Amino acid sequence: KMATDDLELAQAAEAEVVRSSAFGGRAKVYQVADFTAKLGAEMAKITAADREALEQVRNLQLRINNVQDEIKEMEEELTIETGGLMKRVLARKPAAAIALNRANAQLNDSTGRVSGGVPLLALAQGRHCFVYDILCGVCLDTLSGDRE
């Protein structure tokens, strides 16, 4: 802005030189043609940097939107998995087997909190095996077996 103002002032006065401190911070005297060329080059740099910054903002906004969509999908999935319907469906099927890690039994620690323990529980139900985190109750993995 300062350089543009200095150039306009020189052109209004019909001067052959421009005195400006817009480039480098110190006042210098430039020929109007040289100053105009230098100003054009600086404006081109600023325009290119501005375009690049806008492109980065667009890319980041797209990434933010994608992550927000993923979060919504995960929240919906979590709501379904922990909802009443899922609890009723799982309650109808009895567990065939429940197993703790052997290290937990050896250390006499069913939760797996002691050093060397594993805080996981495996539950077999029909042809599926579910792996749960004992401490928070979240199903970490589901393994499906053969139909036979």
Flagged in the range 94-111 as assigned to a helix (DSSP H, G or I), surrounded by 13 or more Cβ atoms within 10 Å (Cβ to Cβ) and among the small types (Gly, Ala, Ser), in numbering order, are ALA103
* Asked: Within the bounds of the range 85-93, is there any residue that is closer than 19 Å to VAL131 by Cα, part of a helix (DSSP H, G or I) and touching a helix residue (DSSP H, G or I) at 6+ places or on another chain (Cβ under 8 Å)?
  -> yes
When restricted to VAL57, VAL114, VAL32, the only residue outside the structural domain of CYS139 (by TED's automatic domain parsing), surrounded by 10 or more Cβ atoms within 10 Å (Cβ to Cβ) and at pLDDT below 90 is VAL32
Residues of the range 18-52 being over 14 Å from THR4 (Cα atoms) and touching a residue at least 12 places away in the same chain (Cβ under 8 Å), in sequence order, are VAL29, GLN31
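The values are calculated or read from the model by the stated rules, or taken from the named source; none is laboratory data. Please read all numbers here as calculations on a predicted model, not as lab measurements. Every residue, glycine as well, gets a Cβ built from its backbone with ideal geometry; the counts of neighbours run over all protein chains shown.
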